[in-house]
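Visitor: This structure is in structure tokens; I'll ask about it shortly.
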Amino acid sequence: MAINLQKGQRENIDAPKFTIGLGWDTNSSTTGTAFDLDASVFMLNDNKKLVSDDHLVFYNNLKSPDAAVEHTGDNLTGDGDGDDEQIKVDLTLAGPGVSEICIVVTIHDAESRRQNFGQVRNSYVRIFDAVTNEVLLKYELEEDFSIETAVEFGRIYKRDGKWKFEAVGMGMKGGLQDYLNKYQ
């Protein structure tokens, strides 16, 4: 039975291997330009900094060096039902320096396309067992991010030897580079 989380809520992740599914719908008619949302994962150390440049997993770097995180590929349109992008996670492979996995979604070329998350609806992050497809946790973003062009959906972090998920739902005006600046 899936646990539906509210913003700020934390829950244990009892499965070492799972898939993160991210989904959204866009109001494509508002700008006349197609939306391209991109999921990225920042693998952070205890100081909330990237373990290394290769620990940023996104459309140009699909797998972390320790193979703990693998992005299944960039969805350029977000069309269709279900997850728009997925990230496979195996916490048993995470290097000893990894203490947090930050899940971010950005809008590609948001400024030039005049797009923001206020034009995006039905956004969610879910964690499910890749073998059984059982949804373990789900967080639906309900905020109206009218000026934000990037959103931290959630984070997975290690506390007292156990992994937990926190529903974050925090927007930022900026893009992937702004998160990179924050975490480098």
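Visitor: Let me make sure I get this right: for segment 96-184, a, b and c are the square roots of the gyration tensor eigenvalues over alpha carbons, sorted descending. Under 1.5 in a/c it's rounded, otherwise prolate if a/b > b/c, else oblate. Which is it?
Guide: Values: a/c = 2.43, a/b = 1.45, b/c = 1.68.
Oblate.
Visitor: Given 161, 135, 86, which one lies farthest toward the positive end of the charge dipole of segment 54-184, if we put +1 on the Cβ of every Lys and Arg and -1 on the Cβ of every Asp and Glu?
Guide: Sorting the options by dipole projection puts first 161.
Visitor: Please give the per residue accessible area of the chain, computed with a probe of 1.4 Å over protein heavy atoms only, in Å².
Guide: 49 Å²
Visitor: May I ask for the percentage of alpha-carbon pairs in segment 47-149 that lie more than 16 Å from each other?
Guide: Values: 3459 of 5253 pairs.
Taking all Cα-Cα pairs of segment 47-149, the fraction more than 16 Å apart is 66 percent.
Visitor: Moving on. Looking at the square roots a ≥ b ≥ c of the eigenvalues of the Cα gyration tensor of segment 133-180, which shape do they give, rounded for a/c under 1.5, prolate if a/b is larger than b/c, or oblate? Walk me through the numbers before you get to the answer.
Guide: Values: a/c = 2.75, a/b = 1.56, b/c = 1.76.
Oblate shape, in that a/c is at least 1.5 and b/c is the bigger or equal ratio.
Visitor: Relative contact order for the chain using alpha-carbon pairs under 8 Å, separation at least 6, rounded to a whole percent? Don't jump to the answer; show the numbers that get you there.
Guide: Details: 444 pairs, mean separation 56.0, N = 184.
The normalised contact order for the chain reaches 30 percent.
Visitor: Right, here's the next one. Quantify, in whole percent, the carbon and sulfur part of the accessible surface of the chain (1.4 Å probe; protein heavy atoms only). Present the calculation step by step, with values, prior to reporting the outcome.
Guide: Details: 4020 of 9070 Å².
Of the solvent-accessible surface of the chain, carbon and sulfur hold 44 percent.
Visitor: Also: As a test, work out the antiparallel percent of DSSP beta bridges whose residues both lie in the chain, rounded to the nearest 5.
Guide: Taking every DSSP beta bridge within the chain, about 95 percent pair in antiparallel fashion.
Visitor: Hey, rough spin-label estimate for residue 90 and residue 135, points 7 angstrom out along Cα→Cβ, what's it come to in nanometres?
Guide: 2.7 nm
Visitor: Leaving ligands and nucleic acids out of the surface, order 172, 43 by accessible area at 1.4 Å, largest first. Provide the component values of the computation, followed by the final result.
Guide: Working: 172 45, 43 0 Å².
Putting 172, 43 in descending order of accessible area: 172, 43.
Visitor: Something else now. Just want the answer: with Cβ charges of +1 for Lys and Arg and -1 for Asp and Glu, which residue in 60, 183, 117 is farthest toward the dipole's positive end in the chain?
Guide: Sorting the options by dipole projection puts first 183.
Visitor: Now for a different question. With the Cα gyration tensor of the chain in hand, give its eigenvalues times 5 under a square root as the equivalent ellipsoid semi-axes, listed largest first in whole angstrom.
Guide: Working: eigenvalues 125, 67, 45 Å².
Equivalent ellipsoid of the chain: 25, 18, 15 Å, largest first.
The values are calculated or read from the model by the stated rules, or taken from the named source; none is laboratory data. No experiment lies behind these values; they were computed from the predicted model shown. FYI the Cβ positions are ideal-geometry reconstructions off the backbone, even for glycines, and counts take in every protein chain you see. The protein model used for the area step is the full one, side chains on, heavy atoms only, and it has no ligands, DNA or RNA in it. Shrake-Rupley method; radii C 1.70, N 1.55, O 1.52, S 1.80 Å.
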